[in-house]
1. May I ask for the angle, rounded to the nearest 10°, between helix 124-135 and the longest principal axis of the chain, with both axes built from Cα atoms and the value confined to 0 to 90°?
2. Relative contact order of the chain: what whole-number percent is it, with Cα pairs under 8 angstrom and at least 6 residues apart?
3. Sorted by average packing, counted as other Cβ atoms within 10 angstrom per residue and highest first, what order do 28-41, 95-108 take?
4. If you count, for each residue, the other Cβ atoms within 10 Å and average over each peptide, how do 43-51, 67-75, 14-22 line up from highest to lowest?
5. Per DSSP H run of n ≥ 4, the term is -39500 (n - 2.57); total these for the chain, divide by its residue number, and report the mean residue ellipticity at 222 nm rounded to 500 deg cm²/dmol.
């Protein structure tokens, strides 16, 4: 279930059509992944001027332009997510330090790689809690 629905062209009205198009595709992918996770409420908001998707079980996902030719899927830098994603998809995805997956506005979104990354972010706290229990 989604709360609120922000319009990419309104939020990012100074961005190019191509940047907006990719951000719309990425937003749709995040919503589709969230819907496939079952009974999960996703809060859509603006944080730091970036469109943000949050769930009670996860860490917020933010989407925004990264450069003229790239958009980014950003997560909190103190999570281990980018490190984990780099281990899984280091050969096929580009990253910015411990903050983001970088995506070209000139290429198709790598749905196969992004889907598990989005799932991991939306359930980050749940999975960390499970790992803590397993480690005891």
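1. The angle comes out at about 20 degrees.
2. This gives 24 percent for the chain.
3. With the highest mean Cβ count within 10 Å placed first, the list reads 95-108, 28-41.
4. Result, highest mean Cβ count within 10 Å first: 67-75, 14-22, 43-51.
5. When only DSSP H runs of four or more count, the value is -13000 deg cm²/dmol.
Since every read-out is calculated from the coordinates, none of them should be taken as a lab result. Everything numeric in this text was worked out from a predicted model, so none of it was measured. Neighbour counts run over all protein chains shown; Cβ positions are idealised from the backbone, glycine included.
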